[in-house]
Amino acid sequence: MQTIINQTGISASTAGFDQEALASARNFRLIMDAMARPGNIVRLGLQKQPVGKMSAGSQMVALTLCDHETPVLLDTSLGEEPVEEFFRFHCGSSLVDDPSKAMFAFLSGVPDADMLSAFSVGTPAYPDRSTTLVIEVDGFDSQPDKGLALSGPGIRNVHYLQVSGIDAHFWKWWPGNASRFPLGVDAILVSDDAIVALPRTVKLMEIA
């Protein structure tokens with residue numbers, strides 16, 4: 001099932017929201033819907049131009065979730081001046097190099113295992129103080145009995161998901177992340193104007 005939303009509050013000529021309060025509320029609901037239904041492809045219908053190498057979908061996530069209280073890490077591909085200025089000007093976020101200090105990490109692909117292990121997983125007292133990974137991928141599909149079989153809270157029985165343009169070692173790393181619940185990182189996969197959320201509660205099995 002796919003959710004299609006027209007983002008009439010977003011201008012193609014600027015990097016920020018035209019109607020900030022309305023657009024932020026609408027997009028927050030979209031992201032929460034994606035988190036509540038892991039693996040579901042949520043299409044955003046964005047009309048924005050990319051900032052640097054960061055997709056319009058990642059822009060939406062940043063504008064909606066990042067502010068002056070959310071330190072952000074950018075990988076070397078995304079960490080160019082236009083993207084850095086976008087975060088400073090539109091989000092007010094501080095940019096950090098230490099993965100353990102980042103509340104959000106915007107990534108052009110899956111980092112290596114050492115970096116994945118360096119992100120904050122929260123603490124027993126504050127499991128929400130963990131990093132959310134926002135990872136650019138090539139595309140999504142959802143066909144029965146193909147790709148990944150997802151299970152866990154928010155998924156009735158099993159949900160099937162195919163993701164193109166993501167390194168296979170991410171799927172090998174994920175079970176260890178999920179096993180740490182309530183600790184662990186969450187992930188939002190972004191392709192153009194679509195997102196798929198993978199909360200740390202998701203269990204998966206590759207079937208094809």
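With R₀ fixed at 30 Å, the C-beta to C-beta distance from residue 80 to residue 114 puts the FRET efficiency at about 0.80.
The string of couplings for region 60-72 from the Karplus curve (6.51, -1.76, 1.60, θ = phi - 60°) is 4, 4, 5, 4, 7, 10, 9, 8, 5, 9, 10, x, 10 Hz, one whole number per residue in order, with x for Gly and Pro. Each residue, residue 101 and residue 156, gets one label point 7 Å from its Cα in the Cβ direction; the gap between the two is 4.6 nm. With the charge dipole of the chain set up from +1 on Lys and Arg Cβ and -1 on Asp and Glu Cβ about the Cα centre, the Cα lying farthest toward the positive end among the listed residues 40, 135, 122 is that of 40. Extension gain for residue 205-residue 141 works out to 21.4 nm (0.36 nm per residue, less the C-alpha to C-alpha distance). In this structure, the amide hydrogen of residue 167, modeled 1.01 Å from its nitrogen in the peptide plane, lies closer than 5 angstrom to those of 110, counting only residues at least 5 positions away or on a different chain. Paramagnetic label reach from residue 167 (point 7 Å along Cα→Cβ; backbone nitrogen cut-off under 17 Å): within region 73-90, residues 74-79. Fully extending the segment from residue 126 to residue 67, taken as 0.36 nm per residue of separation minus the present Cα-Cα distance, adds 19.3 nm. The calculated 222 nm mean residue ellipticity attributable to helices in the chain amounts to -7000 deg cm²/dmol, summing -39500 (n - 2.57) over DSSP H runs of n ≥ 4 and dividing by all residues. The aspartates and glutamates within cross-link reach of residue 172, meaning a Cα-to-Cα straight distance under 14 Å and a gap of 8 or more places when in the same chain, are 112, 114, 206.
Values in this text are rule-based calculations from the coordinates and carry no lab data. Just so it is clear, the model here is predicted, and its values are computed rather than measured. So basically every Cβ, Gly included, is an ideal-geometry build from the backbone, and we count neighbours across all protein chains shown.
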